Amino acid sequence: EMNFSVTSENGSWEITPAAVTITAGDYSGTYDGIAHSPIACEVTGGYTGDLTCTNDPALIGPNVGSGSVAPVIVLNGETESNFSVTSENGSWEITPAAVTITAGDYNGTYDGAAHPPSACEVTGVYTGDLSCINDPALVGPNVGSGSVTPVLVLNGETASNFSVTPEKGSWEITTVAVTITAGDYTGTYDGAAHSPSACAVTGVYTGDLSCINDPASVGPDVGSGSVAPVIVLNGETVTNFSVT
């Protein structure tokens, strides 16, 4: 040993952290009443070991809205200091479900009664528990026409989860045709005046209409002529009828 003069020079070592990126998942969709998971969180890099990651939040929705999704590292036995971790947020958005509410219609002739339009309908890819009603709920009974407006009924749903398009319906009640027919009288002179046969009102619906003969009596003298029918409304509205 005395034959050598030994100088020691130390070496060095360094292991630097492995660079990894954890990227949260995204979700985009329209409201369908249920919560959804973003796509899976991913760990990427030259060496990722046993690292995994999860999304925070793990579920988004069900309601309309938007926000970010954060990645959360899961070590699975790895030592965190062995890695240089870059986090990249994901995002989520749930847009309103498009629905159409369509009011019902009614078309008919006057029959003295009010009538409901056909049922109001809610249509769309997803309608949840939505329903709708007609305004007005009853139309008539008198002759006329107008529109029917659909009114949304939420039944526990949240209005902001839907984009609602209303479609109006319509109604029309037309006059009912009636005929008033005067009576007749035929006879030989007997010194007395006589009543023609009764005036009659006929048609699919005649309501409370009646009619009388004009003149109410004929004679007593020999002759001939016409008898005119005269309508008697008895509380009915004349514009509800088309009278012959």
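The values are calculated or read from the model by the stated rules, or taken from the named source; none is laboratory data. Bear in mind that the values here come from a model prediction, so they are computed numbers and not experimental data. Note that each Cβ is placed from the backbone with ideal geometry, even for glycine, and that neighbours are counted across all protein chains shown. SASA here: full protein model, heavy atoms, side chains in, ligands and nucleic acids out. Shrake-Rupley method; radii C 1.70, N 1.55, O 1.52, S 1.80 Å.
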Which one of these does residue 145 not meet: (1) out of contact with any helix residue (DSSP H, G or I) (no Cβ under 9 Å at 6 or more places or on another chain); (2) in contact (Cβ under 8 Å) with a residue 24 or more places away in the chain; (3) surrounded by 14 or more Cβ atoms within 10 Å (Cβ to Cβ)?
(3)
Evaluate the range 169-181: report whether one residue or more is out of contact with any Phe, Trp or Tyr (no Cβ under 9 Å at 6 or more places or on another chain) and small (Gly, Ala, Ser).
no
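If I ask for residues that are within 30 Å of residue 56 (Cβ to Cβ), part of a strand (DSSP E or B) and among the aliphatic types (A, V, I, L, M), which ones from the range 83-125 would you list?
Correct list: 85, 94, 97.
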Under 7 Å between Cβ atoms, at least 6 apart or on separate chains: pull out the pairs that start in the range 222-233 with a residue that is within 17 Å of residue 202 (Cα to Cα) and end on any residue that is open to solvent by 70 Å² or more (accessible area, probe 1.4 Å) and among the aliphatic types (A, V, I, L, M).
230/212; 232/212
In the range 52-106, anything in contact with a helix residue (DSSP H, G or I) (Cβ under 9 Å, 6 or more places away or on another chain) and aliphatic (A, V, I, L, M) is listed as 64, 73, 94, 97
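Looking at 7, 21, 54 in this structure, which one is open to solvent by 80 Å² or more (accessible area, probe 1.4 Å) and either touching a residue at least 60 places away in the same chain (Cβ under 8 Å) or on the phi < 0 side of the Ramachandran plot (or both)?
Numbers: 21 fails: open to solvent by 80 Å² or more (accessible area, probe 1.4 Å); 54 fails: open to solvent by 80 Å² or more (accessible area, probe 1.4 Å).
Result of the check over 7, 21, 54: 7.
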Identify the single condition in (1) open to solvent by 70 Å² or more (accessible area, probe 1.4 Å); (2) assigned to a loop (DSSP other than H, G, I, E, B) that residue 128 does not satisfy, given that it satisfies every other one.
(1)
Regarding residue 63, is this residue polar (S, T, N, Q) and in a strand (DSSP E or B)?
no
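Kindly indicate which of 73, 39 is of a type in the set (A, V, I, L, M, F, W, C) and either assigned to a loop (DSSP other than H, G, I, E, B) or touching a Pro at 6+ places or on another chain (Cβ under 6 Å) (or both).
Working: 73 fails: either assigned to a loop (DSSP other than H, G, I, E, B) or touching a Pro at 6+ places or on another chain (Cβ under 6 Å) (or both).
From the options 73, 39, the qualifying one is 39.
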Would you check if residue 80 is open to solvent by 60 Å² or more (accessible area, probe 1.4 Å), closer than 29 Å to residue 19 by Cβ and of a type outside the set (S, T, N, Q)?
yes
Any idea which of (1) open to solvent by less than 50 Å² (accessible area, probe 1.4 Å); (2) under 30 Å from residue 204 (Cβ atoms); (3) not β-branched (Val, Ile, Thr) is the one residue 111 doesn't satisfy?
(1)
